[in-house]
Amino acid sequence: MKTEILKLLRESTEYISGQELCEHFNVSRTAVWKVINQLKEEGYQIEAVRNRGYHIVECPDILSREEIESQMQTAWAGRSVVCFEETDSTNNQIKKLAEAGAVHGTLAVADMQKSGKGRRGRNWESPKGKNIYMSILLRPEMNPSMAPQLTLVMALSVAQAMVEAEKIDARIKWPNDIVLNKKKICGILTEMNTEIDYINHVVIGIGINVNDDAIPKELQEKATSMMLEEKHRVQRSTLIANIMKCFEQNYETFAVRKDLSFMQEAYNEILVNCNQEVTIIGTEQQYHAVAKGINATGELIVERDDGTIEEIYSGEVSVRGIYGYV
C-alpha cells in the first residue's frame with residue numbers, strides 16, 4: 001500500500017483526501033495516517049491540509065523499493081525491486097536471486113557497493129548516497145551467442161534515458177561506456193549463466209556516476225559525474241525508472257528481430273568515436289583506424305589506412321581515442 005499511496009501522491013497535481021485513500025485501499029484512516037508519517041520520516045515533504053487532504057511537495061533522493069517502484073512505467077522491467085543499503089555487488093545479489101527463482105526483470109539496487117565490478121575484473125568505485133548501482137535479471141529465450149548484444153541494448157537505453165529525461169548530451173563509447181563531455185559516467189557489465197544451447201539467465205549491471213561531487217585525481221582525465229558536468233543534482237530513482245522504460249522497449253524489439261539492426265542508426269548517431277580516428281588495442285598488435293559504427297551484431301566496423309574494412313569484437317580488443325580515452 002505504501003508504494004501505491006506514494007505513486008498516487010506523485011501523480012496528482014491536487015490534494016488527495018484521506019477519505020479517498022481509505023476508500024481506494026479499503027483501509028482505515030489510521031492506516032493511511034501511519035503510511036503518510038512513514039513517508040515523512042523518510043524525508044518526503046507532504047502537506048496535510050484539513051478538509052483538503054495530502055499533497056506531496058518534494059521527494060528525497062533515496063533508493064527504497066517503494067520510491068523506485070512508484071515511478072516505474074514498465075510491464076516487467078524493474079517491476080520487482082530489491083534494495084540494499086549496502087552490499088558487495090548488485091550483480092552478485094541478482095545472481096543469488098536468479099538461482100532462487102526470481103522472475104525475469106527483477107532489479108537489484110544498492111545505495112553503496114563494497115565490491116563493485118567493471119570489465120576485465122576492474123573495481124568500480126561505489127560511494128554511499130550519490131550514485132546508481134543496479135543489476136537486472138533477464139531470462140531470455142535466445143541462443144547464447146546473442147547475449148553479448150544485450151550489453152549494447154542496455155548502453156543505448158541508458159543513453160536514451162539520460163537524453164530524454166535529463167536533457168544531457170550522453171554519448172556511447174563502444175561498446176558500452178556512457179560518456180558526457182568525453183568523460184566516462186557509466187559502465188555496464190553483463191554476465192550470463194548458460195548451457196551449450198540454452199541461457200539460464202543473464203545479469204546486466206549498471207554503475208552510473210550521478211551525484212558525485214568529486215572524482216579521484218587519478219581518474220579526472222577520463223571520468224566525471226552527471227552533477228559535475230550539469231551543475232545540479234539528479235533524482236536517482238527517476239533516472240532508474242526511465243532507464244528501465246527505455247530498456248524494456250529496446251529489449252522487446254531485440255527479442256523479435258534477433259539482432260541490433262533496429263537500433264544501429266540510433267546507436268551510431270551517439271557513438272562518440274563514429275567517423276573518428278581511434279586506436280585499436282589487441283593482445284598482439286595495436287594500430288590506428290577510423291571507426292565507422294556498429295554492424296547488426298554489435299561489432300565495431302573500422303577502416304584501416306589502406307582501406308581495409310574490419311569488424312572488431314569487443315571481447316578481443318579495446319578501443320581508445322588517438323589522444324586519450326575517447
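The values are calculated or read from the model by the stated rules, or taken from the named source; none is laboratory data. Because the structure is predicted, anything quoted here is derived from the model rather than measured. Ideal geometry is used to build each Cβ from the backbone, glycine not excepted, and the neighbour counts take in all protein chains shown.
Some values worked out for this structure:
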read-out	value
Any chance Glu164 is surrounded by fewer than 21 Cβ atoms within 10 Å (Cβ to Cβ), in contact (Cβ under 8 Å) with a residue 12 or more places away in the chain and either of a type in the set (Ser, Thr, Tyr) or within 20 Å of Gly298 (Cα to Cα) (or both)	no
Entirely in the range 1-62, the helices (runs of 4 or more DSSP H) that have 1 or more residues that are free of Cβ contacts under 8 Å to residues at least 12 places away in the same chain and within 27 Å of Ile240 (Cβ to Cβ)	2-11, 29-41
Among (1) within 25 Å of the chain's Cα centre (by Cα); (2) of a type outside the set (D, E, K, R); (3) surrounded by 12 or more Cβ atoms within 10 Å (Cβ to Cβ) - the single one Gly315 does not satisfy	(3)
Residue within the range 39-49 that is surrounded by 19 or more Cβ atoms within 10 Å (Cβ to Cβ) and not assigned by TED's automatic domain parsing to the domain that holds Ala241 present	yes
Filtered residues of the range 263-304 (kept if loosely packed, with under 15 Cβ neighbours inside 10 Å and without any contact (Cβ under 8 Å) to a residue 12 or more places away in the chain)	Glu265, Glu269, Glu284, Gln285, Gln286
Checking Asn92 against (1) without any contact (Cβ under 8 Å) to a residue 24 or more places away in the chain; (2) surrounded by 17 or more Cβ atoms within 10 Å (Cβ to Cβ); (3) more than 30 Å from Gln249 (Cα to Cα), the condition it does not meet	(3)
Leading residue by the ranking (nearest to Met134 (Cα to Cα)) among those in the range 53-81 that are β-branched (Val, Ile, Thr) and in contact with a Lys or Arg (Cβ under 7 Å, 6 or more places away or on another chain)	Val81
Test result for Glu11, surrounded by 16 or more Cβ atoms within 10 Å (Cβ to Cβ), of a type outside the set (A, V, I, L, M) and under 26 Å from Asn250 (Cα atoms)	no
Elements of type strands (runs of 3 or more DSSP E) in the range 137-218, at least 1 residues being of a type in the set (Asp, Glu)	177-180, 183-194
Exclusive hit being over 19 Å from Cys274 (Cβ atoms) and in contact with a Lys or Arg (Cβ under 8 Å, 6 or more places away or on another chain), set Val210, Val234, Val256, Val179	Val210
Selection count, the range 14-36, where residues are surrounded by fewer than 12 Cβ atoms within 10 Å (Cβ to Cβ) and within 28 Å of Thr74 (Cα to Cα)	3
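Matching residues to (1) free of Cβ contacts under 8 Å to residues at least 60 places away in the same chain; (2) not hydrophobic (A, V, I, L, M, F, W, C):
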| position | (1), (2) |
| --- | --- |
| Ser145 | yes, yes |
| Pro148 | no, yes |
| Val153 | no, no |
| Gln160 | no, yes |
| Asn181 | yes, yes |
| Gly187 | no, yes |
| Met192 | yes, no |
